[in-house]
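The values are calculated or read from the model by the stated rules, or taken from the named source; none is laboratory data. The model shown is predicted, which means the values in this text are computed figures rather than measured ones. Don't worry about glycine lacking a Cβ; one is built from the backbone with ideal geometry, like all the others, and counts go over all protein chains shown. Ligands, DNA and RNA are stripped out before the accessible areas are found, and what is left, the full protein with its side chains, is counted by its heavy atoms. Shrake-Rupley method; radii C 1.70, N 1.55, O 1.52, S 1.80 Å.
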Amino acid sequence: MQAPIAAYLQALHAQLAGANAGELASYIPELTKANPDWLGISIVTMDGVAYSVGDAEQLFTIQSISKPFVYGMALADRGQQAMSEKVGVEPSGDAFNSISLHPQTGAPLNPMINAGAIATTSLLAGRTTEAQWQRIESSIATFVGHPVTVDESVYQSESSTGHRNRAIAWMLKNFGIIEGEPMASLENYFRQCAIEVSCRDLAYMAATLANGGVNPLTGQRALPAEHVGQVLSVMATCGMYDFAGSWLYEVGMPAKSGVGGGVIAVIPGRFGIAIFSPRLDAKGNSVRGIEACRRISRDFGLHMFQQVRDPRQALGRVYTGADAASRRKPVGPARAHLQAHAHRIKYLSLHGMLAVDGVEYIVRRMLGMAADTDCFILDMNQVTGVADSAALMLHQVRRTLQIEGKPVVCSRVHRRAAILQPLARASGAQDRGFLVFEDNDLAVEWCENRLLQGMGSTEEVAVPLADSPLLAGYSPEMLKLMDSHMSTELFGAGDTILKAGEAGDGRVFFIESGRVSVLVPLDEGGHQRIASLGPGMEFGEMTLLGQTQRTASVVADSDVRCRVLHVNDLEALAQQMPEIKIRLLENLARDLAVKLRGATQWIAALA
Ligand SMILES: NC(=O)CC[C@H](N)C(=O)O
């Protein structure tokens, strides 16, 4: 079955195939050898899938489409400030080969016209023009996703007839815009324009810009993220030369054309588009390239000023701890207390790439329900990313609510998840940042423990050994025998009870009262909290399955009282009463199966 986009491109190709307005470029003689009927169209998605039709594999020279990419290289090499002193960012309204220089400084108005591009090429890093050329060739290859070559005949054809560009280069030298020998760097400019690409290659280059500077197929970064917006801005205002105004008005996509017949358009975060059709209009833009982009923009609703995104989509279901209690089964007064107050645990399921508009809506909803809330859980399972600006807003609302005694925690975030970085950056050194739980049950249980503390007694809620999920199904006789072989260990707030990396010593801890944090070391240093455990919960249990090294640290957050079982004692008990060990391992296996299912769902959600 043909994908709908492929079918659309097939139809678009058929509609345009008959259009024959425009002429081949002739001022570079070699370009007249192109087949005027060539027509290729390609679209590349943000996960690197290319849809192509027609002559999408036909090689031709990139010409001016190289300019925004080389401009990005120069920004990366010199920085935006230094570049702005040499080349402006203002649309000239003139033709691409006009000598549009600032009257006083001689700086070209923008890097898309020849004057700006010739200056830009001379400003690349590299002690020699050969080194600068290597910079161009390897960077373009990263944008394309494979090595590229130069069409030597087109290069020679332009170098031997490019007198206007030579005059421009000497003018730039005269104003000190070009610092070195102008003719040498001009040859690099001619060579960069003669790099051979296909329509499909151009679509991957455009998609790399749409994907924040990372090639969506190879995963290689071609341009630092902070320069992508700058490159797209000059493409939007100057990329189509003295057609730029009409282009932005009608098509609404950052774009760049070339006299070889290529056109690229970039929809940030969505698509890279390329069309190849050598017939040009009087402004040097591909006639069918413009028409194809105009129709794609209209038919796919891609005009960047027509985007309608509903920020409320960032927030999915909102429910409470009464709708989804933890798997611990409280008894007696604790059960009654939770039934009366669990609705004060608010649970928000967040979605997609979190940006400022979506988080503004989430924060507004949280503040709107805060009066009736004891703690918030943000389920991050469906979150694909968090913009730094959005992470800062989430951090601020967490701090605001924490001061009111209403913590905000995150659930279903694997300890290596990429979204932890912006969240950690937002909290900086101010505090430990969000408490993060790998699964919902741990998060809800932590919130329930907070509610249980509020049972009107200052005494920390104690949960007897009999209520430990690991000992579920034990008879009173089994409990009595187990208890007689256990010790009691007390810890003060801040004590490190277990240390990641240490050899396991066979102890399993059953928390009777108090709370501990489970911390895992991060590759980049520091620790990430992955769970907070309270009364009735246990840690160190993996030693029962033969684990020889502790994989996480456990730190007491308050005074903690634990009942401690040594694995050797369990063996001795099992001799007397095998059921003691069988039942315990069954409970442990069941608990791990539930955690494994949660992790599998989490991995599946990421796929
Ligand atoms: N618009 C273009 O593609 C022009 C590029 C060509 N190499 C020139 O300098 O004239």
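Some observations on this one:
- Considered as a group, the residues in segment 570-585 that are touching a residue at least 60 places away in the same chain (Cβ under 8 Å) and charged (D, E, K, R) include one that is surrounded by the most Cβ atoms within 10 Å (Cβ to Cβ), and that residue is ARG583.
- Residues of segment 115-133 that are crowded, with 24+ Cβ neighbours inside 10 Å and within 16 Å of the ligand (Cβ to nearest atom): ALA115, GLY116, ALA117, ILE118, ALA119, THR120, THR121, SER122.
- Selection of segment 167-183 for residues being away from the ligand (no atom under 12 Å from the Cβ), surrounded by 16 or more Cβ atoms within 10 Å (Cβ to Cβ) and part of a helix (DSSP H, G or I) yields MET171, LEU172, LYS173, PRO182.
- Which numbered condition MET455 misses (of (1) at pLDDT 90 or above; (2) in contact with a helix residue (DSSP H, G or I) (Cβ under 9 Å, 6 or more places away or on another chain); (3) among the aliphatic types (A, V, I, L, M); (4) open to solvent by 40 Å² or more (accessible area, probe 1.4 Å)): (1)
Residues are listed down the side, and each one gets a yes or a no for (1) more than 31 Å from the chain's Cα centre (by Cα); (2) open to solvent by less than 60 Å² (accessible area, probe 1.4 Å); (3) assigned by TED's automatic domain parsing to the domain that holds GLU538; (4) within 24 Å of GLU360 (Cα to Cα):
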| site | (1), (2), (3), (4) |
| --- | --- |
| ALA391 | no, yes, no, yes |
| HIS395 | no, yes, no, yes |
| SER411 | no, yes, no, yes |
| GLN430 | no, no, no, yes |
| TYR474 | yes, yes, yes, no |
| LEU479 | yes, yes, yes, no |
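- Looking only at residues in segment 352-372 that are of a type outside the set (A, V, I, L, M, F, W, C) and open to solvent by 10 Å² or more (accessible area, probe 1.4 Å), the one that is farthest from VAL308 (Cα to Cα) is ASP372.
- Output for segment 134-166, where each listed residue is in a helix (DSSP H, G or I) and within 12 Å of the ligand (Cβ to nearest atom): VAL154, TYR155, SER157, GLU158, SER159, HIS163, ARG164, ASN165, ARG166
- One residue from ALA462, ALA443, ALA390 being part of a loop (DSSP other than H, G, I, E, B) and either over 27 Å from LEU585 (Cα atoms) or touching a strand residue (DSSP E or B) at 6+ places or on another chain (Cβ under 7 Å) (or both): ALA462
- Restricting ASP431, ASP467 to residues that are acidic (Asp, Glu) and touching a residue at least 60 places away in the same chain (Cβ under 8 Å) narrows the list to ASP467.
- Tabulated pairs, segment 252-274, first in contact (Cβ under 8 Å) with a residue 24 or more places away in the chain and of a type in the set (S, T, N, Q), second in a loop (DSSP other than H, G, I, E, B) and within 12 Å of the ligand (Cβ to nearest atom), C-beta under 9 angstrom, 6+ apart or interchain: SER257/PHE96; SER257/GLY239; SER257/MET240; SER257/LYS283; SER257/GLY284; SER257/ASN285
- Any pair with Cβ under 7 angstrom, 6 or more apart, that starts in segment 371-391 at a residue that is among the hydroxyl-bearing types (Ser, Thr, Tyr) and ends at one that is open to solvent by 10 Å² or more (accessible area, probe 1.4 Å): THR373/ARG344; THR373/LYS346; THR373/LYS406; THR384/GLY352; THR384/MET353; SER389/VAL356
So that you can scan it fast, the table gives a plain yes or no per residue for (1) in contact with a Ser or Thr (Cβ under 8 Å, 6 or more places away or on another chain); (2) within 16 Å of the ligand (Cβ to nearest atom); (3) modelled with pLDDT under 95; (4) assigned by TED's automatic domain parsing to the domain that holds ASN114:
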{"residue": "LEU12", "(1), (2), (3), (4)": "no, no, no, yes"}
{"residue": "ALA21", "(1), (2), (3), (4)": "no, no, no, yes"}
{"residue": "LEU24", "(1), (2), (3), (4)": "yes, yes, no, yes"}
{"residue": "PRO36", "(1), (2), (3), (4)": "no, no, no, yes"}
{"residue": "SER42", "(1), (2), (3), (4)": "yes, no, no, yes"}
{"residue": "ALA50", "(1), (2), (3), (4)": "yes, no, no, yes"}
{"residue": "ALA56", "(1), (2), (3), (4)": "yes, no, no, yes"}
{"residue": "ASP77", "(1), (2), (3), (4)": "no, no, no, yes"}
{"residue": "VAL87", "(1), (2), (3), (4)": "yes, yes, no, yes"}
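- Strands (runs of 3 or more DSSP E) contained entirely in segment 484-569, each with at least 2 residues that are in contact (Cβ under 8 Å) with a residue 12 or more places away in the chain and under 34 Å from the mean Cα position of the chain (by Cα): 516-521, 527-533, 553-556
- In segment 542-562, the residues that are surrounded by fewer than 20 Cβ atoms within 10 Å (Cβ to Cβ) and closer than 18 Å to ASP467 by Cα: ARG561
- Segment 407-424, residues that are modelled with pLDDT of 85 or more and over 21 Å from TRP446 (Cα atoms): PRO422
- Pick from segment 235-283, criterion at positive phi and out of contact with any strand residue (DSSP E or B) (no Cβ under 7 Å at 6 or more places or on another chain), ranking: farthest from the ligand (Cβ to nearest atom): GLY269
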